[in-house]
1. Please enumerate the residues belonging to region 20-38 that are crowded, with 16+ Cβ neighbours inside 10 Å and either in a helix (DSSP H, G or I) or among the aliphatic types (A, V, I, L, M) (or both).
2. Could you check region 1-40 and list, in sequence order, the residues that are modelled with pLDDT of 95 or more and among the β-branched types (Val, Ile, Thr)?
3. Determine whether region 24-38 contains at least one residue that is in contact (Cβ under 8 Å) with a residue 12 or more places away in the chain and β-branched (Val, Ile, Thr).
Amino acid sequence: MHAAATPTLGGLALFFGFIGGLALSSLLFPRLFISSEVFGIAVGAALMVSIGIVDDLKGLTAPAKLAGQILAASTMTLAGVQVLFFWLPSIGPIHEGVISLAPELGVPLTVLLVIVTVNAVNLVDGLDGLAAGLVAIGALAYFIYSYRTGASGLIAEDSPAPLLSALLFGICVGFLPHNFNPARIFMGDTGSMLLGTLLSGATITGIGRTTQPQAGDQFALLIPVAIPILVLALPFLDTLLAVGRRVRSGRGIMTADKQHLHHRLLERGHSQRRAVLLMYVWSALVSFGVIILGLVHTERQWTVVATGVACALVLMVVTLGRPVRAKTQVRRGESL
């Protein structure tokens, strides 16, 4: 969606910003670097960036790109970036408790989570500033959740999740002035795969780090398990719709089209900037609404749910229901 030639290796700026922030953080918060998780995420991010550079410059087939993503995600698991536990709430005859995942289950689940998140961010990167803004919103929401709940035992105090979320938010906000419409540089696959890797890495390091959930924390405990879906609800939904659309039409699921949610907003007459800002608002409603549910008292949760749903419905009706602008051309006085 651009009219002039635009450089596409902006992901390198994001990567160097992340590495610089990580180096400074190692001096300020050395206790967060005791485990190998941060190192594993940094290595996985470097591999994803390498794959993205080749794809942006030369082009990779979908199977080759997927193989590279699996390699990068698997490398992260070797450094201990794995889903270790998750809490099962009481449902009917099933009693609540903590389920410990063996490596043969935790490793493939971790790899799957990384790959899905990476490709969700990649697919939503269709308008200037869209991917960077959505990931920034998700990272900020998760930072607030992980930082506020760390002292309660829901997330380990030495978990790097808040730090990784803060760094991710920082590089996205720093990149947006150069990437917002009209963009002077694109992040390319180099950047989108990096952002997906960091977001998934931050969430994984915060998932299931408690084995003794407290009463009243049931909703808060469910958030880490579903956090990638919650903070990237729009990209994930758009990904599912894109896959279903391409399967029905008999095309490959990696075939590009212009039927994504942001393209539909443009068809409804919104400008690029307006479409991006609307998706920011939708994402913020979902992300912060769910995070608030995990922080407020149980008796107030349904009030928050009702308010959030009402706001989301009103916003979607107003924006998606906007009539298409009449496209009229006048040539020598004749209406066409």
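The values are calculated or read from the model by the stated rules, or taken from the named source; none is laboratory data. The model shown is predicted, which means the values in this text are computed figures rather than measured ones. Here Cβ is always computed from backbone atoms with ideal geometry, including for glycine, and neighbour counts include all displayed protein chains.
1. In the first step, residues of region 20-38 are kept if they are crowded, with 16+ Cβ neighbours inside 10 Å; the result is 21-22, 25, 32-33, 35, 37-38.
Of everything in region 20-38, those that are crowded, with 16+ Cβ neighbours inside 10 Å and either in a helix (DSSP H, G or I) or among the aliphatic types (A, V, I, L, M) (or both) turn out to be Gly21, Leu22, Ser25, Leu32, Phe33, Glu37, Val38.
2. Correct list: Ile19 only.
3. Yes: region 24-38 contains one or more residues that are in contact (Cβ under 8 Å) with a residue 12 or more places away in the chain and β-branched (Val, Ile, Thr).
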